[in-house]
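Below you'll find the structure, written out as structure tokens, and then a few comments.
Rule-based calculations on the coordinates, nothing more; no lab input. Quick caveat, the model's predicted, so the values are computed rather than measured. Virtual Cβ from ideal backbone geometry, glycine too; neighbours counted across all protein chains shown.
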Amino acid sequence: MPSAAEVKSLFRQFLRVGRKFPNYNIRHYIQRRSKDEFHSLAANTDAAAVEAAWQRAKSQLEVWQRQSVVYQLYGRKVKTVLELDQAAAARQHAG
């Protein structure tokens, strides 16, 4: 059974992988899904269920890491409307 430090480390890795995606929608989807999944499993005390969830999470992390590399190589380089709005708002506050 993974320790609390290992679970926290895995959670941080999920968030880091999510930040690597250049697309706003995918980036926030991964971060939101990670938070929801980890919070829903936080109260689970069954050792077998925790171990199964741990293995699924590690497997999913590997998939998302591979997908982030593929998406960086072949993904669209165009910013979404939300990213353009955020950049414009940041320029207004700075200037």
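Positive end of the dipole of the chain, charges at C-beta (+1 Lys, Arg; -1 Asp, Glu), about the Cα centre: which of Ala43, Pro2, Val70 has its Cα farthest in that direction? Of the listed residues, the answer is Val70.
Suppose R0 equals 25 Å; then what is the FRET efficiency for Arg76 and Lys20 from their Cβ-Cβ distance, rounded to the nearest 0.05? Given R0 = 25 Å and the Cβ-Cβ separation, E is 0.95.
Between Ala4 and Lys58, the contour length at 0.36 nm per residue exceeds the alpha carbon distance by 17.9 nm. Just checking the listed ones, Ser68, Ser34, Ser59: in the Gaussian network model of the chain with Cα springs under 10 Å, the one fluctuating most is Ser59.
Where (1) 1.04; (2) 1.13; (3) 1.33 are the candidate values, the label of the one calculated here for Cα Rg over 2.2 N^0.38 Å is (3). Does anyone have the angle between helix 81-94 and the longest principal axis of the chain? Alpha-carbon axes, 0 to 90°, nearest 10? Computed tilt is about 70 degrees. Helix content alone sets the calculated 222 nm mean residue ellipticity of the chain: runs of n ≥ 4 DSSP H residues at -39500 (n - 2.57) each, divided across all residues, give -27500 deg cm²/dmol.
Taking the Cα centre of the stretch 4-94 as origin and assigning +1 to Lys and Arg Cβ atoms and -1 to Asp and Glu Cβ atoms, the resulting dipole is close to 480 debye. Structural descriptor for the chain: relative contact order 36 percent, calculated from alpha carbon pairs under 8 angstrom and at least 6 residues apart. Could you give the angle, 0 to 90 degrees to the nearest 10, between helix 4-20's Cα long axis and the longest principal axis of the Cα atoms of the chain? Between the helix axis and the principal axis of the chain, the angle is about 30 degrees. For the stretch 1-90, the set of trypsin sites (Lys or Arg not before Pro) satisfying both a DSSP loop assignment and a count of at most 10 other C-beta atoms within 10 Å is given as Arg76, Lys77.
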